[in-house]
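Step one of this worksheet: look at the structure below.
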Amino acid sequence: MKVPVRVDGRELVLTNLDKVLYPEIGFTKAEVIDYYSRVAPAILPHLRGRPLTAKRYPNGVDAAFFFEKNAPEHTPRWIRKVRLPVPGSTKNRETIDFAIVNDLPTLAFYANLAALELHVPQWRVSDDGEALPPDTLVFDLDPGPPATVVECCQVALMLREVLQAEGLAARPKTSGNKGMQLYADWDCREEPSVYARRIARFLEKERPKQVVSVMTKKLRPGKVFIDWSQNNPAKTTVAPYSLRAVRRPAVSTPLLWKEVESCEHPDDLVFTAPDVLARVEEHGDLFAQA
């Protein structure tokens, strides 16, 4: 079934609205589109100007998925696209035409494609389509079992202290899966991956029983891996307020620091789409207020 709609003056055709994308609770594509439409004021500032990598689940989170960097052929003309070089592409491409999610109609278009997860880099493009220097620093905290997000919170508090001493204000969010991320506005004092690696290695040296700064899996059980490499310009991180393709429609959710400080159980920091809409209603965009 196709449903023509008009979103902020743009014509869209929504399809398969009753398709269940999260089978465990029966969360449908219509509910995914509704979530992204309602959370748009909070999520759009974190997507604007950033080349999109969409993770699409056309048959739901229990079925096959694919990453999509190249804007689909049927992308409407009114959606902004930028052609950017992609050195080292696994598909031997020299360039990719990325979509830029600048507005609600574009967000709704991707939600209708079952693009459950929206991933973006730590840099934006200029009005002329040129890549700008990174404006955001990110640390991805990944717990090695039996560690959980509880241990990630402990490491996040250590990172906050170190970054404060460096003049950077950290903003925490859940990954929407097992871990969490810390963001900070970046002033281009140096190459961000180099800086983040130095901070990660410093904490690994200070807290070797809790922190690891290398990806080697045999070193990670019971520790928190600080993935500094997410600052590589070729990499992306799930956007704040993006859904995740897990059992329930969990969201990568900006947090209050008091929530990080008081976390005692992994379930303390699990937020679904309805939870996040209520949080935005109460707090606004916590990332905007840092």
If we take the stretch 1-56, then strands (runs of 3 or more DSSP E) inside it with 3 or more residues that are touching an Asp or Glu at 6+ places or on another chain (Cβ under 8 Å) are 53-56
Okay, strands (runs of 3 or more DSSP E) sitting entirely in the stretch 64-148 with 2 or more residues that are more than 18 Å from the chain's Cα centre (by Cα) and surrounded by fewer than 18 Cβ atoms within 10 Å (Cβ to Cβ), I get 81-85, 95-99
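Rundown of residues vs (1) farther than 16 Å from L141 by Cβ; (2) surrounded by 15 or more Cβ atoms within 10 Å (Cβ to Cβ), yes/no style:
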residue	(1), (2)
L182	no, yes
V194	yes, no
R197	no, yes
L203	no, yes
E206	no, no
Q210	no, yes
K218	yes, no
P221	no, no
W228	no, yes
Residues of the stretch 161-179 being farther than 15 Å from L269 by Cα and part of a loop (DSSP other than H, G, I, E, B), in sequence order, are E166, G167, L168, A169, A170
Picked from the stretch 235-287 (must be part of a strand (DSSP E or B) and among the hydrophobic types (A, V, I, L, M, F, W, C)), the residue nearest to the chain's Cα centre (by Cα) is V238
Going through the stretch 222-234 in order, the residues found to be in contact with a strand residue (DSSP E or B) (Cβ under 6 Å, 6 or more places away or on another chain) and part of a loop (DSSP other than H, G, I, E, B) are K223
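Computed from the coordinates by the stated procedures, all read-outs in this text should not be read as laboratory data. None of these values were measured; they are calculated from a predicted model. We place every Cβ from the backbone using ideal geometry, glycine too, and count neighbours over all the protein chains shown.
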